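Peer 1: Attaching a single structure in structure tokens format; questions to follow.
The values are calculated or read from the model by the stated rules, or taken from the named source; none is laboratory data. As the structure is a computational prediction, the values presented were derived from the model and not from experiment. Here the Cβ positions follow ideal geometry from the backbone for every residue, glycine too, while neighbour counts run over all protein chains shown.
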């Protein structure tokens, strides 16, 4: 397979030794939306040895505008994003070990999900999980690459334990709900996540090959205005995470319901759930709801003008609402606690 990477190995920043390091590396990509699909396809094509892709969601038509690993057939097949990404990427590079994991990343699951990782990459659309990644990264001394994109702008920063400021140095706590812009309120054009995801990928490659030119600033871009800026971030002397207090990892700020970016939907997480038989749940629901369908990955039913999608780990997504109280109530009514 030497020819596969020949254009990459003649680049002086990588070379044959760097390619070997990439091949021996394991990366975990958390979130497989616009950023995650760009990162995943780039790293698989670059020959990173193992790529684990974690995402909690399924594919919808509005995703296709910017999420490059999916197509209309994936939607018709009702595939979760992580599974569709794994299937597509195995056709791209069969020499890479690709693992798609359908799961929510929360304080109870993250440490298991990042086991064996040399690097974590952020493909998310919410702040709470980024603070969780930050805690787990610092605790286990695994570097991670933050990235975010919305509207026409985005930003990225490398976070390396005891070498750079961490995410809580950049932002002390999550923005209060209703204040932060979302895909719903600001929209997003595809060049923004394409560029940010590409910048995250090149930083990942530099970290994995041990390059000296690793970025230590917050990079900010606006593709519409054509601006590109570096901002120096200073470590915060009172940062709890830098001092070894992992408040998000301890579940102090865990949310059981989360509004999903750009979907008019709410995710309900039941931390007590271990596994759920979708077949048994379908049998239980059929007498009380109009229509139930399921496959090995998810179960769907519609009730009270809302569609609920239930996953085997006990999670559910309620569509056509942002009312978290309503979401919790319907979950309790139809799924249980």
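Peer 1: Tell me, yes or no, whether region 204-218 has at least one residue that is closer than 23 Å to residue 128 by Cβ and surrounded by fewer than 20 Cβ atoms within 10 Å (Cβ to Cβ).
Peer 2: Yes: one or more hits.
Peer 1: Name the residues in region 39-76 that are at pLDDT 95 or above and surrounded by fewer than 16 Cβ atoms within 10 Å (Cβ to Cβ), would you?
Peer 2: Within region 39-76, 64, 65, 71, 72, 73, 76 qualify.
Peer 1: Which members of region 300-326 meet the condition of being at positive phi and either crowded, with 20+ Cβ neighbours inside 10 Å or touching a helix residue (DSSP H, G or I) at 6+ places or on another chain (Cβ under 8 Å) (or both)?
Peer 2: Of everything in region 300-326, those that are at positive phi and either crowded, with 20+ Cβ neighbours inside 10 Å or touching a helix residue (DSSP H, G or I) at 6+ places or on another chain (Cβ under 8 Å) (or both) turn out to be 304, 314.
Peer 1: For region 106-129, name all the residues that are modelled with pLDDT of 95 or more and either assigned to a helix (DSSP H, G or I) or in contact with a helix residue (DSSP H, G or I) (Cβ under 8 Å, 6 or more places away or on another chain) (or both).
Peer 2: Passing the criteria: 110, 111, 112, 113, 114, 118, 119, 120, 121, 122, 123.
Peer 1: Which condition number in (1) within 22 Å of residue 193 (Cβ to Cβ); (2) touching a strand residue (DSSP E or B) at 6+ places or on another chain (Cβ under 6 Å); (3) surrounded by 22 or more Cβ atoms within 10 Å (Cβ to Cβ) is the one that residue 114 fails?
Peer 2: The one condition residue 114 does not meet is (1).
Peer 1: Further, regarding this structure: Could you pull out every one of the helices (runs of 4 or more DSSP H) wholly within region 162-239 that has 1 or more residues that are modelled with pLDDT of 90 or more, farther than 24 Å from residue 260 by Cβ and in contact with a strand residue (DSSP E or B) (Cβ under 8 Å, 6 or more places away or on another chain)?
Peer 2: 191-209
Peer 1: In the set 266, 234, which member is touching a residue at least 40 places away in the same chain (Cβ under 8 Å), touching a helix residue (DSSP H, G or I) at 6+ places or on another chain (Cβ under 8 Å), on the phi < 0 side of the Ramachandran plot and exposed (fewer than 15 other Cβ atoms within 10 Å of the Cβ)?
Peer 2: Of the residues listed, the single one that is touching a residue at least 40 places away in the same chain (Cβ under 8 Å), touching a helix residue (DSSP H, G or I) at 6+ places or on another chain (Cβ under 8 Å), on the phi < 0 side of the Ramachandran plot and exposed (fewer than 15 other Cβ atoms within 10 Å of the Cβ) is 234.
Peer 1: Something else now. Considering only residues of region 279-299 that are in contact (Cβ under 8 Å) with a residue 40 or more places away in the chain and crowded, with 17+ Cβ neighbours inside 10 Å, which is nearest to residue 102 (Cα to Cα)?
Peer 2: So, considering only residues that are in contact (Cβ under 8 Å) with a residue 40 or more places away in the chain and crowded, with 17+ Cβ neighbours inside 10 Å, the one nearest to residue 102 (Cα to Cα) is 297.
Peer 1: Residues to consider are 164, 129; find the one that is assigned by TED's automatic domain parsing to the domain that holds residue 216 and under 22 Å from residue 208 (Cα atoms).
Peer 2: 164
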